[in-house]
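Participant: Just passing along the structure, written as structure tokens.
The values are calculated or read from the model by the stated rules, or taken from the named source; none is laboratory data. On a predicted model such as this, the values are computed, not experimentally measured, just so you know. Please note: Cβ atoms are built from the backbone with ideal geometry, for glycine as well, and neighbour counts cover all protein chains shown.
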Amino acid sequence: MSTIPINPVLPFLRTDRMPTIWCPGCGIGTTVNCFARALLDSGVDLKHLAIVSGIGCTGRVAGYVKLDSFHTTHGRAIPFATGLKLANPKLNVVVYSGDGDLSAIGGNHLIHAARRNIDIKVICVNNLIYAMTGGQTAPTTPGHVITSTHPYGTFDPNFNLPHLVEAAGAVYVARWTTFHVRQIARSMAEVFKKPGFCFIEILSPCPTLYQRRNKMGDGLDTMKFYKEHSKIKNGVSTSEVGLTRNGDIIVGKFVDRDRSDYLTMAHDQFVEALGDRYVDECAAECCEEGI
Amino acid sequence: MHADPAGVLTGTHFLDGDHACCEGCLAAGARFASGYPITPSTEVVERFASRIPTVGGTFIQMEDELAASICLQGAVWGGAKAFTVTSGPGFSLMMEHIGYAAMTETPCVFVNVQRGGPSTGLPTLPAQADMMQARWGSHGDYGIIAICPNSPQECFDLTIKAFNLSEQYRVPVMVMMDEVVGHMTEKVVIPSADQLDVTPRKHTHKSPADYLPYQCNGDGSLVPEMAHAGEGYKFHITGLTHDERGYPNMTVKVQDQLVRRLCAKIENAKDLVAYEAENLEGADVVVVSYGITSRVAQRAIDQARAQGLKVGKLRLIIAWPFPEKVIRELAPKVKAFVVPELNLGQMVREVERAARGAAKTIHVGHAGGGVHQPEAIVKAIVEANQ
């Protein structure tokens, strides 16, 4: 009798919470699959890996992965993750959230965490729209797109997120689409081992609210669009990777540089200023093992 | 358990309330603070920023109060005791995360050194006009605890109490100071660490396989046990309505169970009553006050008693939950309650409600920016006695 092999990513998922809330054709599940693959491939210590999400469709990711997981408030995943990491530096902290959550309501936290070079890994699933609330314009929505709050088409300029976070100080910046599953998993595995503020943007279809309203087809059509219009340009200047409605999508690893992260800078400064008086201990009492 | 000596500055000091509050945080075991500058509260975290690298821990100045008020909660789930400090406009921004702390049962302390409002109001001058906001400011139903120190010594003592209660009940606790208490300098005695009781985290003893983040133990306690990130529990926390597993469950039934428990664990608690009482026996008039106003009221009470009036004193130390039973039982025995406060009528509503018409309730309001003239309170006492 043959047995059906178990999907190797299943141990990383809260299967008791399946099915997910995501729509058919949505790309968020694809990114979670990549995330689980990256956990598997990188051999990262799962006990000390925590995931923090904000609010929105991607905000639900924290609830589906079998890790210490925090579903926080709208826009505030990054400051929550900052507290978690600084209090307990042994943790590897991943922020997994959407474009609206991270760059609109959470935009201030995004740039400041990048500036401080907080050692957290931000995965931003960008579906170019507010999906959970019904398809409103996001700061990432390109021009000339129909949304529920721009029924005659968008006209306010959109953020180029890689350019924004690079300017703010991120040490690692990459962009892929949900067509690029191997590259996504590779980038994720890379950032688990890269100290400092890392940012991966993943373009993802929202067939229900973005593609449908703009007569751009379904999830499969979007994957075909990604395949045909994505141009891999590793190391290209992030100033050249802005997104338009129908234009090419520049993907790749744009930034990979080194500078001291926040905790290292703090440590060095205290050693210099205080010498022997500096007590180099983390804030968490239970930093070691479970009680 | 006793306090960790590393954070206890044992000795007799001359400190203002803000600095004494910081020492209270350190003595209570707080090793993490996230803050954003705002007058008249900033001195608390300025002192913490100076002290913490020599004690062991972290201070981070965040980009705004939204960030500060959630950053500390990340630290708590990482295993630290943590707090933030603010004043009116910042307190307004923190409301979202007071709700998150209540919903996720994150033990933490919010210090509010109250100033005049609304809006930017009076940055450098006192008020007590955030008392209702402390109780009701975030959306939805939940319980919190609020403590009102009236001296630098109490800024130390009651800040420790605030941390202890936050750990015992897994709830955000507000230390409701005011600009005068924050900036007045007095003698503050800090005992040795072995004389300070500190409540440890209610950490689970269960194995990861048996642990459910929001399961009560069936021992009558309404407070579940906690785990921290990095200990192998792989738990889930959400601000959504959730079941015992911590999983979102947005049904009428689970909402009812969860929200009723969040309120009941505070409202039903027997030990959340703390007040100072004098001369209540045989009193015709009882002056109910808290914070800096209680010290002005003391002078008014002394003057009225010197005139032969039977005046009692009831000073609220824990303002929320409100000591409803104390007022209710006192009301039929007195003619009136006189309630001076630096606002145009907040805690007086609770006094009036609790008195249930059995005694008059007279408010002595002040819009803030200064403290009452004792004579205004004496006048109200005399009127109340008639």
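Participant: Among B:Ala304, B:Ala297, B:Ala283, B:Ala277, which is the only one that is more than 30 Å from B:Leu125 (Cα to Cα) and either loosely packed, with under 15 Cβ neighbours inside 10 Å or not basic (Lys, Arg) (or both)?
Facilitator: B:Ala283
Participant: Do any helices (runs of 4 or more DSSP H) entirely within region B:23-132 hold 2 or more residues that are surrounded by fewer than 21 Cβ atoms within 10 Å (Cβ to Cβ), and if so, which?
Facilitator: B:43-55, B:88-104
Participant: Within region B:199-214, is even one residue within 11 Å of chain A (Cβ to nearest Cβ), surrounded by 18 or more Cβ atoms within 10 Å (Cβ to Cβ) and closer than 27 Å to B:Gly24 by Cβ?
Facilitator: Within region B:199-214, one or more residues are within 11 Å of chain A (Cβ to nearest Cβ), surrounded by 18 or more Cβ atoms within 10 Å (Cβ to Cβ) and closer than 27 Å to B:Gly24 by Cβ.
Participant: For region A:134-153, what are the residues that are within 17 Å of A:Asn214 (Cα to Cα) and either surrounded by fewer than 20 Cβ atoms within 10 Å (Cβ to Cβ) or at pLDDT below 95 (or both)?
Facilitator: Listed by number, the residues that qualify are A:Gly134, A:Gln136, A:Pro142, A:Gly143, A:His144, A:Ile146, A:Ser148, A:Thr149, A:His150, A:Pro151, A:Tyr152, A:Gly153.
Participant: A further question follows. For residues that are among the β-branched types (Val, Ile, Thr) and under 30 Å from A:Lys224 (Cα atoms), scanning just region A:249-264, find the one that is surrounded by the most Cβ atoms within 10 Å (Cβ to Cβ).
Facilitator: A:Val251
Participant: For a quick check of your reading of the model, give me the residue pairs whose first member lies in region A:68-84 and is within 16 Å of A:Cys57 (Cβ to Cβ) and more than 7 Å from chain B (Cβ to nearest Cβ), whose second is surrounded by 24 or more Cβ atoms within 10 Å (Cβ to Cβ) and among the β-branched types (Val, Ile, Thr), with beta-carbon atoms closer than 6 Å and at least 6 apart or on different chains.
Facilitator: Taking only residues 6 or more apart or on different chains, the pairs are A:His74/A:Ile55; A:Ala77/A:Val52; A:Ala77/A:Val95.
Participant: Can you name every residue in region B:336-382 that is among the charged types (D, E, K, R) and out of contact with any strand residue (DSSP E or B) (no Cβ under 6 Å at 6 or more places or on another chain)?
Facilitator: B:Glu341, B:Arg349, B:Glu350, B:Arg353, B:Arg356, B:Glu375, B:Lys379 - these are the residues of region B:336-382 that are among the charged types (D, E, K, R) and out of contact with any strand residue (DSSP E or B) (no Cβ under 6 Å at 6 or more places or on another chain).
Participant: Quick check on my filter: what residues within region B:215-244 are more than 8 Å from chain A (Cβ to nearest Cβ), farther than 23 Å from B:Ser138 by Cβ and buried (at least 16 other Cβ atoms within 10 Å of the Cβ)?
Facilitator: B:Gln215, B:Glu225
Participant: For A:Ala283, only one of the following conditions fails: (1) within 13 Å of chain B (Cβ to nearest Cβ); (2) in contact (Cβ under 8 Å) with a residue 40 or more places away in the chain; (3) in a helix (DSSP H, G or I). What is its number?
Facilitator: (3)
Participant: So, one more: For region B:330-346, how many residues meet the condition of being more than 25 Å from the chain's Cα centre (by Cα) and β-branched (Val, Ile, Thr)?
Facilitator: Summing the residues that are more than 25 Å from the chain's Cα centre (by Cα) and β-branched (Val, Ile, Thr) in region B:330-346 gives 1.
Participant: List the number of the failed condition for B:Pro172; all other conditions in (1) touching a Ser or Thr at 6+ places or on another chain (Cβ under 8 Å); (2) free of Cβ contacts under 8 Å to residues at least 60 places away in the same chain hold.
Facilitator: For B:Pro172, the exception is condition (2).
Participant: I would also like to ask the following. Under 8 Å by Cβ, and 6 or more places apart or on different chains, what pairs join a residue from region A:43-61 that is facing chain B (nearest Cβ under 10 Å) with one that is among the hydroxyl-bearing types (Ser, Thr, Tyr) and surrounded by fewer than 24 Cβ atoms within 10 Å (Cβ to Cβ)?
Facilitator: Pairs found: A:Arg60/A:Thr20.
Participant: Tell me, yes or no, whether region A:230-241 has at least one residue that is surrounded by fewer than 18 Cβ atoms within 10 Å (Cβ to Cβ), within 23 Å of A:Ser187 (Cβ to Cβ) and among the aliphatic types (A, V, I, L, M).
Facilitator: yes
Participant: Name the single residue that is surrounded by the most Cβ atoms within 10 Å (Cβ to Cβ) among those in region A:166-188 being more than 15 Å from A:Gly252 (Cα to Cα) and of a type in the set (A, V, I, L, M).
Facilitator: A:Ala170
Participant: Something else about it: Which of the residues belonging to region B:271-299 are closer than 18 Å to B:Asn343 by Cα and of a type outside the set (Ser, Thr, Tyr)?
Facilitator: Selection gives B:Val287, B:Val288, B:Gly291, B:Ile292, B:Arg295, B:Val296, B:Ala297.
Participant: Taking the options B:Gly218, B:Gly239, B:Gly246, name whichever one is closer than 13 Å to A:Gly63 by Cα and out of contact with any helix residue (DSSP H, G or I) (no Cβ under 8 Å at 6 or more places or on another chain).
Facilitator: Testing whether each residue is closer than 13 Å to A:Gly63 by Cα and out of contact with any helix residue (DSSP H, G or I) (no Cβ under 8 Å at 6 or more places or on another chain) leaves just B:Gly246.
Participant: Quick one: which residue in A:Asp276, A:Asp261 is within 22 Å of the chain's Cα centre (by Cα) and within 14 Å of chain B (Cβ to nearest Cβ)?
Facilitator: A:Asp261
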